[in-house]
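Peer 1: So that we are looking at the same thing, I have put the structure below in structure tokens.
The values are calculated or read from the model by the stated rules, or taken from the named source; none is laboratory data. Everything numeric here is computed off the predicted structure, so don't read it as measured data. Virtual Cβ from ideal backbone geometry, glycine too; neighbours counted across all protein chains shown. Only protein heavy atoms, including side chains, enter the accessible area calculation; ligands, DNA and RNA are left aside. Shrake-Rupley method; radii C 1.70, N 1.55, O 1.52, S 1.80 Å.
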Amino acid sequence: MKTFAYLAVAAVALSACGQQAPKGGAEKAAGPSASGRDQVWAAGSSTVFPFATRVAENVAKTTGGRPAKVESLGTGGGFKLFCSGTGAGFPDIANASRPIKKSEFEQCAANGVTDIVEIKIGYDGIVIANAKSGPTYNFKIDQVYRGLAAELPQGEGFAKNAAKSWKDVDAGLPAQAILVYGPPPTSGTRDAFVELGLEKGARKLPALEALREKDEDAFKAKAHTIRSDGAWVDAGENDNAIVQTLTKTPNAIGVFGYSFLENNLDTVKAATVDGVAPTFETISNGTYPVSRSLYVYVKKANIGVIPGLREYVNAFVSDAATGKGGYLQQRGLIPLGAEEHAAQKVSVTELKTIGAPEK
């Protein structure tokens, strides 16, 4: 069923290939036109992709309209396209596995995208996993950082990370070569892993915590820089591809969203982080250290102009989709609490727009 869903969306995307982005400043500044595009267009996070796809299928069935075109470009790629301009030649929605950045918001504003509605759809955890046939990993958050950081404190300064195996990082870890397949820099999963995993791990090291207190920018430069010596491999925006790589490479580890773990428990297993395994309960209550929120961002100006956009957005906050026990939970989405879910419904009904982020 999942394969069929992805093929269906791919077919829709192919049918839309003839649509070209408008050229010239006048066309870019114009509002969207229903005659220019007769379907919703969403682009961005690979983690949000399967959820957005499922909503698209469901809305098409209930309304009889064309299913939304959903593209998996990574969170950064989605925002770049979303913020490039107004009109039918640009997406109505940016799917994101992190909040929009100040720089992205400013890019939107510079290109005429000024009224943006933010919708939090649920939670996700970033898992560190390997093939079921591989060794079992029980990481402390600082061990993850010490295995993957490009440089580590040494003496009065920093030195290139020389660890070859996880046992080099800590004697209690498996004597397995450090080989991690993860998302590229354009991915929201990568951003979240760096901020929620590596940065938290870095702060456990006294020298780096001291650096943070002295110079936060210098700290982040060290904490956010991943090894480039082959220990970490950028595996593209498709988390499913990382899962498939692990089944063929049992000595490797993968970093990807929780929903892909839940859908592949027959072939992969997750490591614990600080003694906590990624589960529905630990992600929803925040005890799993590497948890995050998932979002969709909508151009308010396109609602009522692009056919089906209002229905698609409404469906994203419906009890049937993102409520507890909804069909997106069955795909691995961790739903919001009842109060927060209700707040998102209000936000969509009133089309509340956001201001510029602080960073």
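Peer 1: Kindly indicate the residue of the range 294-314 that is open to solvent by 10 Å² or more (accessible area, probe 1.4 Å) and in a helix (DSSP H, G or I) and also nearest to GLY332 (Cα to Cα) among those meeting that condition.
Peer 2: Once the filter is applied, the top-ranked residue is ASN314.
Peer 1: State all residues of the range 192-228 that are part of a loop (DSSP other than H, G, I, E, B), without any contact (Cβ under 8 Å) to a residue 40 or more places away in the chain and loosely packed, with under 13 Cβ neighbours inside 10 Å; if no residue qualifies, say none.
Peer 2: ASP215
Peer 1: Out of THR287, THR279, which single residue is under 18 Å from the mean Cα position of the chain (by Cα), closer than 29 Å to LEU198 by Cα and open to solvent by 40 Å² or more (accessible area, probe 1.4 Å)?
Peer 2: THR279
Peer 1: Also, quick follow-up: Check off (1) part of a helix (DSSP H, G or I); (2) in contact (Cβ under 8 Å) with a residue 12 or more places away in the chain; (3) open to solvent by 70 Å² or more (accessible area, probe 1.4 Å) for SER259 and give me the number that stays unchecked.
Peer 2: So the condition that SER259 fails would be (3).
Peer 1: Quick one: in the range 229-245, of everything that is among the charged types (D, E, K, R) and touching a helix residue (DSSP H, G or I) at 6+ places or on another chain (Cβ under 8 Å), which residue is surrounded by the most Cβ atoms within 10 Å (Cβ to Cβ)? If you could, list the steps in order and put the result at the bottom.
Peer 2: Looking only at the range 229-245, we keep the residues that are among the charged types (D, E, K, R), and these are 229, 234, 237, 239.
Then keep just the ones that are touching a helix residue (DSSP H, G or I) at 6+ places or on another chain (Cβ under 8 Å); that gives 237, 239.
Working: GLU237: 26, ASP239: 29.
Filtering first and then ranking leaves ASP239.
Peer 1: So, one more: Go over the candidates ALA356, ALA315, ALA343, ALA321 one by one and state the one that is without any contact (Cβ under 8 Å) to a residue 24 or more places away in the chain and either of a type outside the set (Ser, Thr, Tyr) or touching a strand residue (DSSP E or B) at 6+ places or on another chain (Cβ under 9 Å) (or both).
Peer 2: Working: ALA356 fails: without any contact (Cβ under 8 Å) to a residue 24 or more places away in the chain; ALA315 fails: without any contact (Cβ under 8 Å) to a residue 24 or more places away in the chain; ALA321 fails: without any contact (Cβ under 8 Å) to a residue 24 or more places away in the chain.
One residue alone meets the criteria, ALA343.
Peer 1: State which residue is farthest from LEU336 (Cα to Cα) when the search covers only the range 116-140 and only residues that are open to solvent by 10 Å² or more (accessible area, probe 1.4 Å), assigned to a strand (DSSP E or B) and modelled with pLDDT of 95 or more.
Peer 2: ASN138
Peer 1: Quick one: is LEU205 touching a strand residue (DSSP E or B) at 6+ places or on another chain (Cβ under 9 Å) and modelled with pLDDT of 95 or more?
Peer 2: Details: touching a strand residue (DSSP E or B) at 6+ places or on another chain (Cβ under 9 Å): yes; modelled with pLDDT of 95 or more: yes.
Taking the combined requirement at face value, the residue satisfies it.
Peer 1: Are there any helices (runs of 4 or more DSSP H) wholly within the range 49-110 with 3 or more residues that are open to solvent by 30 Å² or more (accessible area, probe 1.4 Å), and if so which?
Peer 2: 49-63, 102-110
Peer 1: Also, quick follow-up: Note down all Cβ pairs under 8 Å where the first residue falls in the range 149-167 and is open to solvent by 30 Å² or more (accessible area, probe 1.4 Å), the second is modelled with pLDDT of 95 or more and polar (S, T, N, Q), and they're at least six residues apart or on different chains.
Peer 2: GLU151/ASN161; GLU151/THR225; LEU152/ASN161; LYS167/GLN176
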